[in-house]
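The values are calculated or read from the model by the stated rules, or taken from the named source; none is laboratory data. Everything numeric in this text was worked out from a predicted model, so none of it was measured. Positions of Cβ are backbone-derived with ideal geometry, glycine not excepted, and every protein chain shown enters the neighbour counts.
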Amino acid sequence: MAQYNLACLYYHGMGVEKDINSACFWLQEAIQHGHEQQDVLKELLAQWKQFAQKTSAA
């Protein structure tokens, strides 16, 4: 759960500098460590990675 929370903080820039790559890293960690909503997080990770690609290309 803490890894998911860290991912959200980085994604939204709450208390830390907004960093989509760090957000994706922590979301992946949450998935790998058995977060109870892994399927939902996998979809969210795909969306975040897609967003990261769009923003880095701009």
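Only one of these is in contact with a Lys or Arg (Cβ under 7 Å, 6 or more places away or on another chain) and either surrounded by fewer than 12 Cβ atoms within 10 Å (Cβ to Cβ) or without any contact (Cβ under 8 Å) to a residue 40 or more places away in the chain (or both): 24, 8. Name it. Walk me through it before giving the result.
Values: 8 fails: in contact with a Lys or Arg (Cβ under 7 Å, 6 or more places away or on another chain).
Going through 24, 8 in turn, just one is in contact with a Lys or Arg (Cβ under 7 Å, 6 or more places away or on another chain) and either surrounded by fewer than 12 Cβ atoms within 10 Å (Cβ to Cβ) or without any contact (Cβ under 8 Å) to a residue 40 or more places away in the chain (or both): 24.
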**Prompt:** From the residues in the range 1-21 that are in contact with a Leu (Cβ under 8 Å, 6 or more places away or on another chain) and of a type in the set (Gly, Ala, Ser), which one is farthest from residue 54 (Cα to Cα)?
**Reply:** 15
**Request:** Would you be able to say whether some residue in the range 40-47 is at positive phi and surrounded by fewer than 12 Cβ atoms within 10 Å (Cβ to Cβ)?
**Result:** no
**Prompt:** If the Cβ limit is 8 Å and pairs must be 6+ apart or interchain, which residue in the range 41-58 that is at pLDDT below 90 pairs with which residue that is surrounded by 10 or more Cβ atoms within 10 Å (Cβ to Cβ)?
**Reply:** 51/20; 52/20; 52/21; 52/24; 55/20
